[in-house]
Amino acid sequence: MEPTASRACGVHAARLNLADYAVNFGDAHPPLTRAQALIEAERCYYCHDAPCATACPTGIDIPSFIHRIAQGNERGAARAILEANPLGGMCARVCPTEVLCEQACVRNANEDKPVEIGALQRHATDAYFAAPGAPLFTRAAPTGRRVAVVGAGPAGLACAHGLALRGHDVVLFEARPKLGGLNEYGLASYKTAGGFAQKEVAWLLSVGGIEVRCQQQLGRDITVDGLLEAYDAVFLGLGLAGVNALGIAEPQAAGLRNAVDFIADIRQAADLSAVPVGRRVVVIGGGMTAVDAAVQARKLGAEEVSIVYRRGAESMSASQVEQRWAQTNGVALRHWAAPKELLCEAGAVRGMRFAATAAAEGGRLVETGESFTLEADMVLKAIGQSYLPAYAGPSIALQAGRIATDEEGRTSVPRVWAGGDCRAGGRDLTVEAVEHGKVAAASIHAALQAG
């Protein structure tokens, strides 16, 4: 967006004093001190067949790592975490632990307050990354087999790491300039302060055996057929490159943006004061992307920010913790409203008209006949992303618009596996994408050994 157009539509940069940006985008949830971690670790019952471990998509032995923290053995705790989840440091920051491991904690029954598993996981991994010392894991002897991993998000990174540890040579193809996927481009800066995403990537690559090729896009620079000719197996961790439409006319107008692009601009900005934002911002959607975009708009200096969602709060995919975080940061949550018309003037967004909605019989969404208008000079679309099948080609079977696989990630094409958000049937969670990559790596290894 050109600066002149931005100012014409009320969207511009440098809304705050320079010092405010550092404060606003600092670590949203400061880590536990050692003393706090020891106290919290002592609250764990160290359950046998612990329900928290069962609830973790990557199967981290949670009682084991917490017990090691209680013993003052952070390195041992980090090992227990990272051998199950090689992106355990990032997952500790962004995982919805309140609906996974912490929800399953037996402490909830007695005290209505679970052990802070996510904070303890971060404590252990942060302590390790601050002073890693000798490598935790050693790569197996080279097998002579080569695997192409396409997409360097959580699924692709986990798969590459698992294959490299088993001695295979991996070439990691990534369409963007940096590795990390949503961990680098799609999460709020205040969740990943201090460049943690790249620190974790560097550690993951340090095992060896992984060659990185950035700015290589499937369908443009490489193809699945070409990779199958050059490699013994292929893993696709493509993510979701498409952005869903609002379902109404979307005229070309300054101030209308995809929320994922807005978040990526913030994450990659060398100077946050240079990132333009509106004075009044409306975010359409109900997930974590909507919350991340809305809160960061406020932190950039927007005066009024609203998240508008078509159903009630209980239907939002953003957790209650995320919803409260948005409200704490001055974001208004408006439910039961659907976009009807984008209001523009002189090529710039001026607001949006919404239809009031309600749930009819069977849960079907209907309009009530009432409407209202919100003034806005920036509207951010956060209504979900979609898989673009053209990238991988027509030969790979789809299910509900994403790549169909079996439980181990095998696709309909021999020697091709897939995982992460592009795979059908998932929950679009970072931790689940890591598990997809882990399982696929084990499956690929077994297939290569059998072959």
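The values are calculated or read from the model by the stated rules, or taken from the named source; none is laboratory data. Because the structure is a prediction, the values reported are computed rather than measured. All Cβ positions, glycine included, derive from the backbone under ideal geometry; neighbour counts span all protein chains shown. The area values use the complete protein model at the heavy-atom level, side chains included, leaving out ligands, DNA and RNA. Shrake-Rupley method; radii C 1.70, N 1.55, O 1.52, S 1.80 Å.
Only one of 54, 125 is part of a helix (DSSP H, G or I), among the hydroxyl-bearing types (Ser, Thr, Tyr) and farther than 25 Å from residue 206 by Cβ. Can you tell me which?
Sole residue among the options that is part of a helix (DSSP H, G or I), among the hydroxyl-bearing types (Ser, Thr, Tyr) and farther than 25 Å from residue 206 by Cβ: 54.
So for the stretch 185-204 (the condition being touching a His at 6+ places or on another chain (Cβ under 9 Å) and more than 30 Å from residue 451 (Cα to Cα)), does at least one residue qualify?
Within the stretch 185-204, the subset touching a His at 6+ places or on another chain (Cβ under 9 Å) is 190-191, 204.
Next, from what is left, pick out any that are more than 30 Å from residue 451 (Cα to Cα): 190-191.
Taking every residue of the stretch 185-204 in turn, at least one turns out to be touching a His at 6+ places or on another chain (Cβ under 9 Å) and more than 30 Å from residue 451 (Cα to Cα).
Could you tell me how many of the residues in the stretch 383-397 are open to solvent by 30 Å² or more (accessible area, probe 1.4 Å) and touching a helix residue (DSSP H, G or I) at 6+ places or on another chain (Cβ under 6 Å)?
Number satisfying all stated conditions: 0.
Would you check if residue 201 is part of a loop (DSSP other than H, G, I, E, B), of a type outside the set (Phe, Trp, Tyr) and out of contact with any strand residue (DSSP E or B) (no Cβ under 6 Å at 6 or more places or on another chain)?
no
For the stretch 17-59, name all the residues that are of a type in the set (Val, Ile, Thr), free of Cβ contacts under 8 Å to residues at least 40 places away in the same chain and more than 17 Å from residue 70 (Cα to Cα).
Hit for the stretch 17-59 is 23, nothing else.
Restricting attention to the stretch 130-150, report how many residues are open to solvent by 10 Å² or more (accessible area, probe 1.4 Å) and either in a helix (DSSP H, G or I) or of a type outside the set (D, E, K, R) (or both).
So the count comes out to 14.
Within the stretch 109-120, restricting attention to residues that are closer than 20 Å to residue 57 by Cα and open to solvent by 20 Å² or more (accessible area, probe 1.4 Å), which residue is farthest from the chain's Cα centre (by Cα)?
114
Kindly indicate which of 237, 242, 255 is of a type outside the set (A, V, I, L, M), open to solvent by less than 40 Å² (accessible area, probe 1.4 Å) and within 24 Å of residue 414 (Cβ to Cβ).
237
Hand me the list of strands (runs of 3 or more DSSP E) wholly inside the stretch 337-379 holding 3 or more residues that are hydroxyl-bearing (Ser, Thr, Tyr).
Ranges flagged: 365-375.
Being open to solvent by 60 Å² or more (accessible area, probe 1.4 Å), under 16 Å from residue 416 (Cβ atoms), modelled with pLDDT of 95 or more and among the acidic types (Asp, Glu) is true for just one of 232, 225. Which residue is that?
The match here is 225.
Looking only at the stretch 433-448, count every residue that is out of contact with any strand residue (DSSP E or B) (no Cβ under 7 Å at 6 or more places or on another chain) and either free of Cβ contacts under 8 Å to residues at least 12 places away in the same chain or open to solvent by less than 30 Å² (accessible area, probe 1.4 Å) (or both) and tell me the total.
Looking only at that region, the number is 5.
Looking at the stretch 72-89, can you tell me whether even one residue there is farther than 24 Å from residue 181 by Cβ, of a type outside the set (Ser, Thr, Tyr) and loosely packed, with under 14 Cβ neighbours inside 10 Å?
Start the filter on the stretch 72-89 by keeping residues that are farther than 24 Å from residue 181 by Cβ, which leaves 72-77, 79-80.
With of a type outside the set (Ser, Thr, Tyr) added as a condition, the list becomes 72-77, 79-80.
Right, trim to loosely packed, with under 14 Cβ neighbours inside 10 Å and you get 72.
Yes, there is a match, as at least one residue in the stretch 72-89 is farther than 24 Å from residue 181 by Cβ, of a type outside the set (Ser, Thr, Tyr) and loosely packed, with under 14 Cβ neighbours inside 10 Å.
Kindly provide the set of residues from the stretch 163-177 that are open to solvent by less than 50 Å² (accessible area, probe 1.4 Å) and acidic (Asp, Glu), ordered by number.
Matches in the stretch 163-177: 174 only.
Filter the stretch 318-350 down to the residues that are open to solvent by less than 60 Å² (accessible area, probe 1.4 Å), in contact (Cβ under 8 Å) with a residue 60 or more places away in the chain and on the phi > 0 side of the Ramachandran plot and list them by number.
347
Can you confirm whether residue 28 is out of contact with any Asp or Glu (no Cβ under 8 Å at 6 or more places or on another chain) and at pLDDT 95 or above?
Against the criterion (out of contact with any Asp or Glu (no Cβ under 8 Å at 6 or more places or on another chain) and at pLDDT 95 or above), residue 28 does not qualify.
For residues in the stretch 352-376 being under 19 Å from residue 255 (Cβ atoms) and either touching a helix residue (DSSP H, G or I) at 6+ places or on another chain (Cβ under 8 Å) or without any contact (Cβ under 8 Å) to a residue 60 or more places away in the chain (or both), which is surrounded by the fewest Cβ atoms within 10 Å (Cβ to Cβ)? Step through it out loud before you land on a result.
First, pick out the residues of the stretch 352-376 that are under 19 Å from residue 255 (Cβ atoms): 352-354, 373-376.
Checking which are either touching a helix residue (DSSP H, G or I) at 6+ places or on another chain (Cβ under 8 Å) or without any contact (Cβ under 8 Å) to a residue 60 or more places away in the chain (or both) leaves us with 353-354, 373.
Details: 353: 15, 354: 23, 373: 13.
Per the criteria, the residue is 373.
Kindly establish whether residue 158 is in contact with a helix residue (DSSP H, G or I) (Cβ under 8 Å, 6 or more places away or on another chain) and either within 25 Å of residue 26 (Cβ to Cβ) or buried (at least 21 other Cβ atoms within 10 Å of the Cβ) (or both).
So residue 158 fits the description; yes.
Return the residue satisfying two criteria in turn: it lies in the stretch 271-305 and is open to solvent by less than 10 Å² (accessible area, probe 1.4 Å), hydrophobic (A, V, I, L, M, F, W, C) and part of a loop (DSSP other than H, G, I, E, B), and of such residues it is farthest from residue 21 (Cα to Cα).
Filtering the stretch 271-305 for residues that are open to solvent by less than 10 Å² (accessible area, probe 1.4 Å), hydrophobic (A, V, I, L, M, F, W, C) and part of a loop (DSSP other than H, G, I, E, B), the one farthest from residue 21 (Cα to Cα) comes out as 302.
How many residues are small (Gly, Ala, Ser) and over 20 Å from the mean Cα position of the chain (by Cα) if we restrict to the stretch 277-331?
So the count comes out to 7.
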